[in-house]
Amino acid sequence: MKRAVLLSSIVGSLLLGAGACSNDTDGSPVPSPGGATSTSVDEPDSSSEPSTGQTSSGSGDGSLASLQPCDLLTDADQAEVGVSGSGTEKELAGSRYCDWRVREETASASYTLSVQIWEDLGLADVQGTGKQTTKVGSHEAVQALRTGGSACSISLGVGAKSRVDVVLTGADGAALCAPAATAAALVEPKLP
């Protein structure tokens with residue numbers, strides 16, 4: 001009888017303790033703007049923007065919620081940039097994105113083209129090296145190298161806290177900046 005009472009007490013404590021821990025978030029605490037603490041979770045896809053601990057609530061100034069990343073390059077646009085096959089839409093690290101493969105004569109010259117919608121990150125949040133401000137159509141933009149130099153990104157500002165990135169990832173990111181600029185120019189007119 002004592003064992004049954006003891007076992008019941010242990011099981012009850014474990015259940016209450018498990019319920020109390022159900023709101024844990026994986027990651028490590030990092031400061032966010034305004035001094036509050038948020039959580040940053042490392043994501044396995046190194047071609048996408050690292051999480052800043054912000055959630056995707058659509059609070060950016062631009063209205064990107066209705067846009068679908070795979071729709072931002074039409075069939076004609078895809079032919080112009082050399083895309084083979086249809087795009088694959090995914091979500092990761094607070095962005096919605098679409099990937100296409102551009103096949104060149106050699107595997108080392110081939111690359112991935114990604115259009116990423118960031119509803120809660122603006123141009124001030126762009127990460128990378130060699131950042132250069134520019135303008136694509138009517139949108140302010142930032143060009144940067146990412147993922148150790150293997151990707152060139154052109155981030156198109158849509159609002160203070162929203163943007164669309166065109167990211168080309170391959171063997172040499174710097175060599176991909178010209179085709180990234182071409183793809184960004186095709187995406188830009190479709191943005192608010």
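Just so it is clear, none of the values below were taken in a lab; they were calculated from the coordinates. These numbers come from a predicted model, not from an experiment. Methodologically, a virtual Cβ is constructed for each residue, glycine included, from the backbone with ideal geometry; neighbour enumeration extends over all protein chains shown.
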Check your understanding: In region 101-163, what GluC sites (Glu not before Pro) fall in a loop by DSSP, with at most 14 other Cβ atoms inside 10 Å?
Key -> 104, 105
Revision key, fill the gap. Low-density loop trypsin sites (Lys or Arg not before Pro), region 123-166, at most 13 other Cβ within 10 Å, DSSP non-H/G/I/E/B, are none
**Study point:** Local electrostatic count, residue 174, Cβ distance below 14 Å [Lys/Arg +1, Asp/Glu -1]
**Key:** +1
**Study point:** Calculated FRET value between residue 86 and residue 171, using beta carbons and R₀ = 22 Å, to 0.05
**Key:** 0.40
Check your understanding: Stretch residue 68-residue 133 to full length: gain in nm at 0.36 nm per residue minus the Cα-Cα span?
Key -> 20.9 nm
